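The values are calculated or read from the model by the stated rules, or taken from the named source; none is laboratory data. Not measured: the values here are computed from a predicted model. A quick note on method: Cβ atoms are made from the backbone with ideal geometry, for glycine too, and the neighbour counts reach across all protein chains shown. Only protein heavy atoms, including side chains, enter the accessible area calculation; ligands, DNA and RNA are left aside. Shrake-Rupley method; radii C 1.70, N 1.55, O 1.52, S 1.80 Å.
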Amino acid sequence: MKLLIVLCLVAVAVAAPPPPTYNNYNAEILRYENDNIGLGNYRYAFEQSDGTKQEQQGELRNAGLENEAIAVKGVYSWIAPNGYRYTVVYTADDEGYKSEIEEAPGGAPPALVASLLG
């Protein structure tokens, strides 16, 4: 009887499906926007079928002066193998790079992301 129980347990373990694997190698581009003529301000955004998203905009500050620089702000997010959406909101300017990351099952709502980008 014990042998029968052990054999049943072995059969169940062998027949179990393999654990799911995370595969984003076949991601497709769902949306791509690019507004950049190479001078001054720019903006781009993309979204992929695997849940990856990115938006960024740059602004030329102090044009023509010695301290001319581009200030950048943006957001990007992805869905990790654990199913959580990670969202990073960032700025980079003459004061350095600053970012905040959020981990959530559903991610940041689009209205929140839009308000952060201005």
**OP:** Taking Gly107 as meeting all but one of (1) exposed (fewer than 11 other Cβ atoms within 10 Å of the Cβ); (2) modelled with pLDDT under 85; (3) touching a Lys or Arg at 6+ places or on another chain (Cβ under 6 Å), write down the number of the exception.
**Re:** (1)
**OP:** Exactly one condition in (1) at pLDDT below 95; (2) open to solvent by less than 60 Å² (accessible area, probe 1.4 Å); (3) farther than 19 Å from Arg31 by Cβ is not met by Tyr90; state its number.
**Re:** (1)
Original post:
Among the residues of the stretch 47-56, is any open to solvent by 70 Å² or more (accessible area, probe 1.4 Å) and at pLDDT 90 or above?
Top reply: yes
**OP:** Could you list all residues from the stretch 50-95 that are touching a Ser or Thr at 6+ places or on another chain (Cβ under 9 Å), touching a residue at least 40 places away in the same chain (Cβ under 8 Å) and part of a strand (DSSP E or B)?
**Re:** Lys73, Gly74, Val75
